[in-house]
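Down below is the structure, laid out as structure tokens.
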Amino acid sequence: MLTLLGSLLGFLSSAFPDFLKLWRDHADRKHELAILDRQMEAQRQGHTQRLEEIQVQADIAESKALYAHASQPSGVKWVEALRASVRPIITYAFFILFATVKTAALFKLLDQGVGITDGLIAVWDAETQALFAAVMSFWFGQRALAKFRSNP
């Protein structure tokens, strides 16, 4: 019996390093897979960031090309004046239209007996505030972005 127990103990002790090696190999493979997953995620993020950089550079190049085309002198003064005044004239025309509509709505409310404070609150509603904020952000945000783009 002691011989059998000694033989079994000897067999198990000789197989123990192999079991330990198998367990270590499994842990190493699991660790390598985790490292590969992290490397793939880092590469994916790097590619996404690079695509965003390419898109921003394309937008900048497009803006530069548009401004370069618009800044080429034609040699005719009235064409230059018209070219320079189109955006401001359209902006002022839409602002005047907007102000006229809002003023007419306010006067209509005042004719119906609504007080001036309530009328102003009704005319300057959430949609008007959002529209006003969008227009201001467009005009002044565009300038801020242009300054940011010009300073590398």
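Some values worked out for this structure:
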item: Label point distance in nm, T3-A133, each placed 7 Å from Cα along Cα→Cβ; result: 9.3
item: Karplus (6.51, -1.76, 1.60) ³J(HN,Hα), θ = phi - 60°, over region 54-61, in Hz, Gly and Pro reported as x; result: 5, 5, 5, 5, 5, 4, 5, 4
item: Charge context of D18, other residues only, Cβ under 15 angstrom, K/R +1, D/E -1; result: +1
item: Qualifying aspartates and glutamates (Cα of each under 20 Å from Cα of K30; at least 8 residues distant if same chain); result: D18, E41
item: Surface accessible to a 1.4 Å probe, per residue, for the residues of region 83-147, Å²; result: 78
item: Carbon/sulfur fraction of accessible area - region 36-147, other protein chains in place, 1.4 Å, %; result: 68
item: FRET efficiency, 1/(1 + (r/R0)^6) with R0 35 Å, evaluated for I89 and A122 via beta carbons; result: 0.70
item: Reach of K102 by Cα under 20 Å, taken over aspartates and glutamates that are not fewer than 8 positions away in the same chain; result: D111, D118, D125, E127
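The values are calculated or read from the model by the stated rules, or taken from the named source; none is laboratory data. Since this is a predicted model, take the numbers as computed values, not measurements. So basically every Cβ, Gly included, is an ideal-geometry build from the backbone, and we count neighbours across all protein chains shown. When the accessible area is computed, the model is the full protein with side chains, heavy atoms only, and any ligands, DNA or RNA have been set aside. Shrake-Rupley method; radii C 1.70, N 1.55, O 1.52, S 1.80 Å.
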